[in-house]
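Here the structure comes first, spelled out in structure tokens, and everything after it is commentary.
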Amino acid sequence: MSNKYKILIIEDEANIQSFVGTILDANNYQVLTARTCSQGKLMLSSHLPDLVILDLGLPDADGLEFIRFARETSSVPIIVLSARTQESDKVSALDLGANDYITKPFGTEELLARVRATLRNSRYSAESGVLAEGSFSLHDLMIDYDKRMVTVNGNDIKLTQTEYNIVAYLSAHSGKVLTYASIIRAIWGASDPGSTKKLQVNMANIRKKLGAKPGENKYIINELGVGYRMCDENE
Ligand code: CA
């Protein structure tokens, strides 16, 4: 299983949007686009992208408004596209929680390098300071974070995007109990009344796919009433 990273581009200039979109698409990223700040907000909530590339000069609102909105519920990494005339906006953007910026005009290699670095460095780091980089292994279980692949005994485990995100999140904090609320926040951004049930259903599927029998603690331990914990190497 190999899942593509989803990248949302919020940019009103058609030529820049298509330039960035084409490069990302050619490099195996899934591209989503929005032309306005309000459209971007909707896409963020409905598509849960892995990364946002944000133009600061949008027709309906300042791009900073998007960052403010995003940071209320989400730690999605944001790369800002700014013109040279927007130097001070760049600082405001970083202060508000943007992860990086690129100054226009920029080239293909610079864009791709920033995207790769930001995806790698910000995976879960906002929550924990842990960099989920490279790979994770626990007994027969192997997670390749760059390819978003999970294997057990060398066999591909077919997980949904959500299931993968949960496994990756738990593994980045292996040995530590993560509460239901903190997992829900990390995976879905905000919680709703059905969130705990949704998490439990995903968890049951994950455990089944990883080959755990009912009641058996294999890789992931269910700390009843509290949350879940990925075992660490010594267990
Ligand atoms: Ca613009």
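Every number here is computed from the coordinates shown, using simple stated rules; none is lab data. Since this is a predicted model, take the numbers as computed values, not measurements. Because the Cβ atoms are built from the backbone with ideal geometry, glycine has one as well, and the counts that use them run over all protein chains shown.
So, counting K/R as plus one and D/E as minus one, what does the shell of residues with Cβ under 13 Å around E72 add up to? List each step's numbers first, then the result.
Details: positive: K41, R68, R71, R185; negative: E65.
Overall, the nearby charge balance is +3.
Using Cα centres only, tell me the gap between the range 133-148 and the range 95-115 in whole Å.
A separation of 27 Å, based on Cα centres.
I'd like to compare 13-23, 165-175: which one has the highest average count of other Cβ atoms within 10 Å, and what's the full order after that?
Working: 13-23: 15.4, 165-175: 21.5.
So the peptides 13-23, 165-175, ranked by packing, come out 165-175, 13-23.
Using alpha-carbon pairs under 8 Å, 6+ residues apart, how would you state the relative contact order of the range 6-122 in percent? Walk me through the numbers before you get to the answer.
Values: 187 pairs, mean separation 26.3, N = 117.
The normalised contact order for the range 6-122 reaches 23 percent.
Just how far, in whole angstrom, is the range 194-235 from the range 1-58 if you go by their alpha carbon centroids?
Here the answer is 33 Å between Cα centres.
Could you check what % of the DSSP bridge pairs in the chain are antiparallel, to the nearest 5? Could the numbers behind the result be given before it?
Values: 17 of 34 bridges.
Bridges in the chain are about 50 percent antiparallel.
Would you grab the residues whose amide H sits under 5 Å from the one on I9? Only those 5+ places off in sequence or on another chain, please, with H modelled 1.01 Å from N.
Here L32, T33, A34, I53 satisfy the definition.
What FRET efficiency do you get for F106 and A190 if R0 is 35 Å and r is their Cβ-Cβ distance, rounded to the nearest 0.05? Numbers along the way, then the final one.
Values: r = 33 Å, r/R0 = 0.94.
The pair F106/A190 has a calculated efficiency of 0.60.
Using θ = phi - 60° and the Karplus form 6.51 cos²θ - 1.76 cosθ + 1.60, what ³J(HN,Hα) does each residue of the range 53-65 get, whole Hz, x for Gly and Pro?
Values, residue by residue: 10, 10, 7, 7, x, 9, x, 9, 6, 5, x, 4, 4 Hz.
Scan around K104 for amide H atoms under 5 Å from its own, H built in the peptide plane at 1.01 Å from N, and keep only partners 5 or more places away or cross-chain.
Amide H neighbours of K104, under 5 Å, 5+ apart: S82, A83, R84.
Using all C-alpha to C-alpha distances in the range 6-122, build P(r) with 5 Å bins and read off the rounded percent in each one.
Each 5 Å bin holds this share of Cα pairs: 2, 12, 26, 28, 21, 9, 1.
How big is D, in µm² s⁻¹, for the chain by Stokes-Einstein at 4 °C and 1.567 mPa s if Rh is the Kirkwood radius over C-alpha pairs? All intermediate terms of the calculation are to be shown ahead of the outcome.
Working: Rh = 18.8 Å.
Calculated translational D: 69 µm²/s.
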